[in-house]
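Before any comments, here is the structure.
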Amino acid sequence: MNQQSTEMDQKKHILILTPEIPYPVFKGNQSRIDQTIKVLLAEGHDVSLAVLNFNQEARTSAHVQQELKAHYPNIREVEVRRHPRFNKDTKPSLLQKLAKLSDKNQVSNIDACPEAYKKLVHQMVAQLRPTHVLVNYVKLDRAIPKSYKGVRIVDTHDI
């Protein structure tokens, strides 16, 4: 096997799950994930990003997605979802209310990691087939499909 073939075998596709919009950076948590993305891209890995906009209500998903793709030109895929708490007109269903009650004592629960985001991550895993899923904040851990067979890296710096 030649050196180029070996390097290709070692290339990883890393799907990063984060509730922080990594750019523009104006606080430490953003800097942390921004630097992680930059290092992984610089090392030649395929990187995809699934962002749960947890704290920037004024920014639209389409605008954030466009900005991230421009900032990380080598990134493979970027998807952004707004946290449902920004949708003040939407009333939770009875099923959602029951789910919230039943998972109150869990770090990764339906409030921290909403169903729409979990569904997005499941779609991205099925479509992109990443070798690694890196979870930036344990609260998003429930988004990884139980059937996922790749490497899971859960950064628990939030607990």
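Take the cross-link list K11/K139; K12/K38; K11/K69; K38/K69 and give me the ones stretching past 24 Å between alpha-carbons. Over 24 Å apart, Cα to Cα: K11/K139.
I need the GluC sites (Glu not before Pro) found in the stretch 22-91, filtered to DSSP loop residues with at most 16 other beta carbons within 10 Å of theirs.
On the way: sites: E43, E57, E67, E77, E79; in loops: E43, E57.
Answer by residue number: E43, E57.
Residue-wise HN-Hα couplings along the stretch 29-42, as the Karplus relation 6.51 cos²θ - 1.76 cosθ + 1.60 with θ = phi - 60° gives them from phi, are 4, 5, 4, 4, 6, 4, 5, 4, 4, 4, 5, 4, 5, 5 Hz; Gly and Pro carry x.
Throughout, read-outs are computed from the coordinates displayed, never taken from laboratory work. The structure presented is a predicted model; accordingly, all values stated were derived computationally and were not measured. Note that we place each Cβ from the backbone using ideal geometry, even for glycine, and neighbour counts take in every protein chain shown.
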